[in-house]
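The values are calculated or read from the model by the stated rules, or taken from the named source; none is laboratory data. Small disclaimer: the values here were computed from a predicted structure and weren't measured. So basically every Cβ, Gly included, is an ideal-geometry build from the backbone, and we count neighbours across all protein chains shown. Side chains are part of the model used for accessible areas, which takes the heavy atoms of the whole protein and leaves out ligands, DNA and RNA. Shrake-Rupley method; radii C 1.70, N 1.55, O 1.52, S 1.80 Å.
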Amino acid sequence: MTESNGSDARDRRDQHEQAVRAERQERMPDWEKRFRAPRVSLPDWAEDAPDRSLFVSNATGTYEVYAWDRSTGEQRQVTDRPNGTTDGVLSPDGAWIWWFDDKDGDEFGVWRRQPFEGGADEPAAAGLEPSYPAGLALGRDGRTAVVGRSTDEDGTTIHLVRTGEDPVEIYRHRESAGVGDLSHDGSLIAVEHTEHGDAMHSALRVLRPDGTAVADLDDTEGGTRELGLEVLGFAPVDGDTRLLIGHQRRGRWEPLVWDVATGEQTDLALELPGDVSAEWYPDGSGLLIAHSFEARSELFRYDLSARALTEIPTPPGTVSGATARPDGSVEYLWSSAAEPSAVRSTTGGVVLDPPGMKSPGSVPVEDVWVEGPGGRVHALVQRPAGTTGPLPTVFDIHGGPTWHDSDSFAAGPAAWVDHGYAVIRVNYRGSTGYGRAWTDALKHRVGLIELEDIAAVREWAIASGVADPERLILTGGSWGGYLTLLGLGVQPDAWTLGIAAVPVADYVTAYHDEMEALKAMDRTLLGGTPEEVPDRFEASSPLTYVDRVKAPVYISAGVNDPRCPIRQIENYVKRLEARGAVHEVYRYDAGHGSLVVDERIKQVRLELEFAERYVKGVSSAR
């Protein structure tokens with residue numbers, strides 16, 4: 001065969017493969033396309049080498065870390081692991097990429113690094129044993145890092161790591177803590193800690209590299225006044241001792257500037273109704289403000305010298321991340337329930353557009369406010385275009401619990417809509433974005449309070465004609481999975497079906513098996529350990545009510561999950577089996593969810609098929 005004939009054959013083969021892929025995509029249902037379409041995170045960039053960036057993408061079918069040289073346009077895949085990788089950090093000089101290496105999604109591992117240009121991975125913090133991560137800050141000198149670790153044995157330890165030297169422990173405490181930030185010149189280290197025993201509300205401490213304390217700030221007042229603080233970042237200027245922090249002194253998250261050397265606090269007092277976060281502009285002259293309110297968000301620039309707030313125009317929807325570039329432009333990751341996510345810039349256009357299949361859109365959300373026992377409850381409703389109720393309805397409950405559903409793109413709810421269901425998402429008490437009192441309201445009656453709010457929205461959905469009371473599905477993942485199992489037992493006549501992903505099912509066993517940081521959170525939520533407050537754990541545990549469950553139950557679980565461990569799920573399943581309750585269980589080889597696209601699609605397909613078997617009048621899981 002001549003060279004030209006060989007080239008022609010390769011061209012024909014490539015054309016055939018492209019035609020096969022195109023045909024396969026044409027046959028693929030929209031719900032599957034949304035999972036398979038390549039997507040990217042907001043790129044992080046190196047402080048002293050801003051043309052070097054890092055992002056996460058599912059372009060290969062598994063979420064992995066990618067390096068991007070903006071000066072040349074070159075992109076390369078940094079990590080390649082069977083279960084995926086999402087935790088990556090770029091050093092300020094742009095020379096190194098740090099990434100967290102755990103085993104099969106169990107979140108217990110070590111930091112590794114490789115050169116930005118590519119090359120072999122090497123231990124990034126030699127001498128530190130595997131642990132759960134508790135924060136990381138990299139120094140501008142290229143050889144210094146501050147590494148946080150969490151283990152069941154030691155609680156939290158924080159270490160100063162310098163290339164060629166043994167790690168030095170600079171902080172230790174049994175309660176949860178984490179690395180906040182390292183100052184621009186490397187002389188100050190900010191730490192968030194919960195030494196007062198309230199894992200929901202951190203205090204702050206600033207240390208020198210030798211571990212001695214420079215300053216403390218604690219809004220908890222010994223745990224009696226439940227206000228939290230968070231580190232947002234040191235000023236990006238050498239010798240500048242200003243630390244940007246978040247506080248809750250007026251009932252919501254807001255930023256202030258704390259000079260840790262003088263103790264001076266500059267309260268910005270922004271007149272914005274929702275939660276406010278911020279980060280520095282690269283020259284330190286202003287702040288990029290992110291405002292989240294009632295399931296949507298917007299951006300502003302705050303000029304520190306003029307004390308002036310200027311809106312940065314963004315489309316209606318949700319900004320899930322934003323960063324200010326050295327030229328003053330802002331890049332942000334935006335989406336709405338109807339439109340897939342995209343990395344945009346205030347200079348115009350899309351910053352990072354992955355090649356390949358494009359994700360189909362979905363239907364917009366409708367806002368609903370329902371009077372509940374603890375105040376007005378905000379719910380987001382989606383229903384198939386052109387339909388009228390009553391419809392089979394999915395109550396898709398978010399995790400956290402300190403999280404919230406927003407007007408942002410989500411492939412899971414869109415899949416239910418494609419199959420003829422209305423989808424209702426509830427920002428129950430415990431959710432963020434509605435003020436501190438709403439977030440903190442679920443203490444001691446954990447789970448039961450959230451279910452009261454969900455019940456109020458359920459009653460509205462039926463009375464308004466949206467939902468068919470005979471075709472109601474309760475579902476969610478993580479904390480949403482926990483509320484699903486709890487709801488099926490506490491409200492057994494309310495639900496037709498339950499689908500719980502990686503749930504808490506047996507609260508006492510879950511407490512004893514979970515990672516230490518979550519033990520601390522549970523002690524805060526319930527007021528003690530299972531031995532100290534057994535009645536509260538019993539009242540909040542799905543296992544307590546398992547014999548009351550009437551609806552068919554589907555459970556999916558990661559066998560390596562450190563957050564909702566497998567043993568406590570097996571305890572719940574055995575109780576279902578013992579009384580012959582209708583149920584199915586799917587176990588997969590990963591942790592608290594999967595980063596593999598095929599696996600995620602399989603899970604959604606199994607959920608849709610389970611619903612089809614037990615809910616009348618819905619389309620098949622194509």
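This model, with +1 at the C-beta of Lys and Arg and -1 at the C-beta of Asp and Glu, gives the chain a dipole about its Cα centre of some 1940 debye. Label-to-label distance, ARG143 versus ARG613, with points set 7 angstrom from Cα along the beta-carbon direction: 6.2 nm. Placing a pseudo-label 7 Å from each Cα along the Cα-to-Cβ vector at ARG587 and HIS196 gives an inter-label distance of 4.3 nm. Residues whose amide H comes within less than 5 Å of that of GLY399, counting only those at least five positions distant or on another chain, are GLY477, GLY480 (H built at 1.01 Å from N in the peptide plane). Note on region 335-480: with neighbouring protein chains present and a 1.4 Å probe, carbon and sulfur make up 52 percent of its accessible heavy-atom surface. Any idea how far the Cα center of region 397-427 sits from the one of region 107-173, in Å? With region 397-427 and region 107-173 each reduced to a Cα centre, they are spaced 36 Å.
Using a ≥ b ≥ c from the Cα gyration tensor of region 321-453 (square roots of the eigenvalues), is it rounded, prolate or oblate, where a/c under 1.5 gives rounded and otherwise the larger of a/b and b/c decides, a/b for prolate? Because a/c hits 1.5 or more and a/b fails to exceed b/c, region 321-453 counts as oblate.
May I ask you to list the residues of region 182-199 whose amide nitrogen lies under 16 Å from a point 7 Å from Cα along the Cα→beta-carbon direction of LYS443? Inside the label zone: 194-199. Using a probe of 1.4 Å, the accessible surface attributed to GLU279 totals some 60 Å² when neighbouring protein chains are kept in position.
Calculate, for the chain, the solvent-accessible area per residue in square angstrom, rolling a 1.4 angstrom probe over the heavy atoms of the protein chains. Don't skip to the answer; put the middle values down first.
On the way: 24960 Å² over 622 residues.
Per-residue value: 40 Å².
Here region 481-542 and region 25-101 have alpha carbon centers that stand 35 Å from each other. Taking only alpha carbon atoms, region 302-385 gives an Rg to Rh ratio of 1.09, where Rh is the Kirkwood radius. Stretching ASP48 away from ASP152 to a fully extended chain increases their span by 33.7 nm, per 0.36 nm per residue minus the current alpha-carbon distance. Between the amide H of ASP561 and those of ILE566, distances stay under 5 Å, these residues lying 5 or more places away or on another chain, with hydrogens modeled in the peptide plane. Between GLU339 and GLU169, residue separation times 0.36 nm minus the direct Cα-Cα distance comes to 56.5 nm.
Take the alpha carbon atoms of region 181-201, find their center, do the same for region 304-324, and report the distance between the two centers in whole angstrom. Here the two parts' Cα centres lie 26 Å apart.
Leaving ligands, DNA and RNA out of it, rank TRP111, TRP253, TRP403 by accessible area with a 1.4 Å probe, largest first. Working shown, then result.
On the way: TRP111 30, TRP253 60, TRP403 160 Å².
Ranking TRP111, TRP253, TRP403 by accessible area, largest first, yields TRP403, TRP253, TRP111.
Taking a point 7 Å out from the Cα of ARG249 in the direction of its Cβ, the residues of region 430-455 whose backbone N falls within less than 19 Å of it are 435-437.
Taking the square roots of five times each eigenvalue of the Cα gyration tensor of region 36-195, the equivalent ellipsoid has semi-axes of 26, 19, 14 Å, listed largest first.
Rounded to two decimals, the Cα radius of gyration of region 398-537 over 2.2 N^0.38 Å is 1.08.
Heavy-atom surface analysis with a 1.4 Å probe gives region 498-622 a carbon and sulfur content of 49 percent of its accessible area.
Counted over the chain, the DSSP beta bridges are approximately 85% antiparallel.
When the residues SER341, SER57 are ordered by accessible surface, computed with a 1.4 Å probe over the protein chains alone, the sequence from largest down reads SER341, SER57.
Under the simplified labelling scheme, the MET28-GLU459 pair shows an inter-label distance of 4.5 nm, with each label point 7 Å from Cα along Cα→Cβ. The solvent-accessible area of TYR63, taken with every protein chain present and a 1.4 Å probe, is close to 50 Å². Using heavy atoms of the protein chains and a probe of 1.4 Å, the accessible area assigned to ARG600 is about 80 Å².
For region 187-337, the gyration tensor built on C-alpha atoms gives an oblate shape. Its axis ratio a/c (a ≥ b ≥ c) is at least 1.5, and a/b is not larger than b/c.
Cross-link pairs exceeding 22 Å between alpha carbons, from the set LYS443/LYS574; LYS550/LYS574; LYS550/LYS616; LYS33/LYS602: LYS443/LYS574.
FRET efficiency for the ARG605 to ASP104 pair, using the beta carbon distance and R₀ = 30 Å, is estimated at 0.85.
Note on the chain: Rg/Rh from C-alpha atoms, Kirkwood Rh, equals 0.96.
Close amide H contacts of SER176 (hydrogens built in the peptide plane, cut-off under 5 Å, sequence separation of 5 or more or a different chain): THR194.
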